[in-house]
Amino acid sequence: MLEFAFLLPFLLLFFAASVEMGRMFYTYTTLTKTTEVGARYLSTKFLSAGAYSGTDTTVATNLVVCGRSACTGQTRVAQNLDAANVTITPPGTGTGTRYVTVQVTYAYQPLLFNLSNLTGRSGLSLNFTFTPSTRMRYLL
Amino acid sequence: MTAVLMVGLVLVIGLSIDVSRLYMARAGLQNAADAAALAAARELNSGTSGLADAVTQAMSANLINKYGFNRTGVTAPTVTIVKVEFSNSLAANATWYDNTNGNTVPAGVEASIRYVRVTTQLAVVNTLFAGRVLGANRNEQRTAIAGASVGLTTVCNFFPIAVSLTNPYPANGEQLTFTFTNVSGSTVTLVNNGYVVLQIPEIPGTGLPETAKLAAGITSMSASIGSSLVASQSANGSNGTRAIADGANLRFDIPANGYGNDLNATNYPPDSNTAQPLSSTQYLNRSPFTPPPINPPGQDDRRVLVMPILPTGTYSTSAIPTVRFGAFLLRSQVPRTGATAGNLSVAYLGDSFPIGCGSFDPTAGGGSTLSKPVLYK
């Protein structure tokens with residue numbers, strides 16, 4: 001029993017680490033999916049001079065950020081995910097096959113197992129920058 | 001005691017990380033497969049050219065999607081599509097024709113192809129911790145099926161003329177000649193095969209260049225079945241036919257003179273096949289094939305005219321009803337002058353012709369056989 005008491009901090013550390021890893025993968029997968037939703041939406045929207053209208057861009061961004069066309073009062077799909085994290089590359093002008101790309105640039109912030117906070121060293125962290133993206137054919 | 005348990009604990013953590021990585025790779029692969037399937041389904045046109053184009057589009061090197069951890073400093077692997085198959089059914093026992101290395105769809109069956117299935121490469125995900133349970137590495141492969149949607153009730157980017165047909169359901173490939181109908185008063189009488197030019201809000205103005213632009217094919221507009229459209233007064237008998245011909249003939253790479261530089265091949269490209277006259281089967285199978293002489297390579301489906309169809313009768317020019325939409329092939333160039341000026345020689349392109357966009361409203365009456373590409377599973 002005494003042995004367990006000694007090891008409890010380490011056990012908790014392990015537990016925190018595995019939860020954090022899980023959360024990290026979960027976030028990445030969610031962001032990957034969310035870029036697909038945005039790209040799918042934009043793949044059938046009208047272009048004006050090669051760019052999307054402000055409304056369509058806003059709706060697509062909101063779909064990426066919170067999964068709804070309007071974000072007011074909605075939960076973000078990832079913590080602190082913001083419209084500024086979303087990059088939309090419209091198909092542009094010209095004819096023939098064109099593509100739309102939606103990318104999220106998201107700095108992952110660990111919650112439970114924050115090594116840089118625990119150790120005071122910023123190099124030791126899980127603060128990766130995720131850049132999942134989806135490219136789809138412009139269907140019109 | 002705890003030390004023994006610790007071994008198990010570490011193993012469990014290892015397993016969870018490995019499984020997480022697996023699902024992450026799967027999500028990336030599925031994304032890429034979905035994108036490729038949609039890109040391919042856009043090309044399906046009931047002909048062999050559509051099948052060939054669909055394979056090209058699905059495997060296009062420009063459709064770059066990656067899977068796995070796209071972390072800064074680490075290059076995530078690119079997804080490639082290794083198999084493209086076609087079918088006319090989604091039933092469990094449906095036959096899928098593998099067209100990856102050439103057409104295997106039997107002659108005649110291509111007209112009924114509605115679905116395309118793409119398969120990604122076998123992505124090898126190395127197991128980091130739980131090799132005993134999961135194996136040294138896992139091969140992940142995802143598929144996606146896309147195909148024609150239900151018949152659309154709102155259709156976009158249609159050819160802005162309304163044609164009147166006694167039989168609103170022509171047979172597949174049926175060849176028709178649509179004749180120009182002058183609009184002058186507050187009503188217009190449409191006989192069988194007569195057409196009126198429509199006025200759409202996207203091109204204000206009623207002059208010769210506006211009519212020519214309409215015929216050249218403008219984008220970013222739509223109309224629903226059940227709504228009413230407005231007949232254009234601009235296309236009067238003396239010059240309307242000429243404007244229609246000038247605009248429509250851009251699809252055959254015939255330059256339109258006298259419109260400034262408004263009607264250029266950049267905005268209104270020619271079709272990739274300018275051979276004429278063509279039957280619908282010849283067009284869909286791209287045989288015979290003549291590339292545009294001046295502005296190659298042109299664009300597919302420019303000679304496909306989606307237009308509203310309505311019954312014969314007398315209508316108010318401000319309320320031309322939209323009863324259904326049909327897709328027609330422009331068989332040959334439109335005469336500019338003479339008794340046949342403005343006559344559109346077309347062939348009905350049949351059911352389930354996919355266009356890029358539109359939507360379906362289950363409460364709307366009627367329906368069309370036009371569809372758009374959607375994901376199935």
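Table for the structure above
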{"quantity": "Residue pairs meeting the criteria (Cβ under 7 Å; at least 6 apart or on separate chains; first more than 15 Å from B:T337 (Cα to Cα) and in contact (Cβ under 8 Å) with a residue 60 or more places away in the chain, in region B:248-262; second surrounded by 14 or more Cβ atoms within 10 Å (Cβ to Cβ) and among the hydroxyl-bearing types (S, T, Y))", "calculated": "B:F252/B:T274"}
{"quantity": "Residues within region B:270-299 that are more than 22 Å from B:P335 (Cα to Cα), part of a loop (DSSP other than H, G, I, E, B) and within 14 Å of chain A (Cβ to nearest Cβ), tallied", "calculated": "2"}
{"quantity": "Any hit, region A:1-15, residues being surrounded by 19 or more Cβ atoms within 10 Å (Cβ to Cβ) and either under 26 Å from the mean Cα position of the chain (by Cα) or over 30 Å from B:Y268 (Cα atoms) (or both)", "calculated": "no"}
{"quantity": "Selection from region B:290-318 of residues that are in contact with a Leu (Cβ under 8 Å, 6 or more places away or on another chain) and farther than 10 Å from B:S272 by Cβ", "calculated": "B:V304, B:L305, B:V306, B:P308, B:I309, B:L310, B:P311, B:T312, B:G313, B:T314, B:Y315"}
{"quantity": "Residue match in region B:98-121 (condition: facing another protein chain (nearest Cβ under 10 Å) and free of Cβ contacts under 8 Å to residues at least 24 places away in the same chain)", "calculated": "no"}
{"quantity": "Failed item in (1) surrounded by fewer than 22 Cβ atoms within 10 Å (Cβ to Cβ); (2) charged (D, E, K, R); (3) touching a strand residue (DSSP E or B) at 6+ places or on another chain (Cβ under 9 Å), with B:R302 passing the rest", "calculated": "(1)"}
{"quantity": "Tally of residues being in contact with a strand residue (DSSP E or B) (Cβ under 6 Å, 6 or more places away or on another chain), without any contact (Cβ under 8 Å) to a residue 60 or more places away in the chain and more than 9 Å from chain B (Cβ to nearest Cβ) across region A:94-124", "calculated": "1"}
{"quantity": "Scope region A:23-48; condition at the interface with another protein chain (Cβ under 8 Å from one of its Cβ atoms) and among the aromatic types (F, W, Y); matching residues", "calculated": "A:F25, A:Y26, A:Y28, A:F46"}
{"quantity": "Residue in region B:365-377 that is in contact with a Pro (Cβ under 7 Å, 6 or more places away or on another chain), touching a residue at least 60 places away in the same chain (Cβ under 8 Å), crowded, with 22+ Cβ neighbours inside 10 Å and hydroxyl-bearing (S, T, Y) present", "calculated": "yes"}
{"quantity": "Residues of region B:351-377 that turn out to be within 14 Å of the chain's Cα centre (by Cα) and on the phi > 0 side of the Ramachandran plot, as a count", "calculated": "2"}
{"quantity": "Filter pass, B:L9 being of a type outside the set (K, R) and at the interface with another protein chain (Cβ under 10 Å from one of its Cβ atoms)", "calculated": "yes"}
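Table: residues versus (1) out of contact with any helix residue (DSSP H, G or I) (no Cβ under 6 Å at 6 or more places or on another chain); (2) of a type in the set (D, E, K, R).
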{"position": "B:M1", "(1), (2)": "yes, no"}
{"position": "B:V10", "(1), (2)": "yes, no"}
{"position": "B:R42", "(1), (2)": "yes, yes"}
{"position": "B:S46", "(1), (2)": "no, no"}
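We did not get these values from a lab; they are worked out from the coordinates using the rules stated. Keep in mind the model is a prediction, meaning the values are calculated, not measured. Positions of Cβ are backbone-derived with ideal geometry, glycine not excepted, and every protein chain shown enters the neighbour counts.
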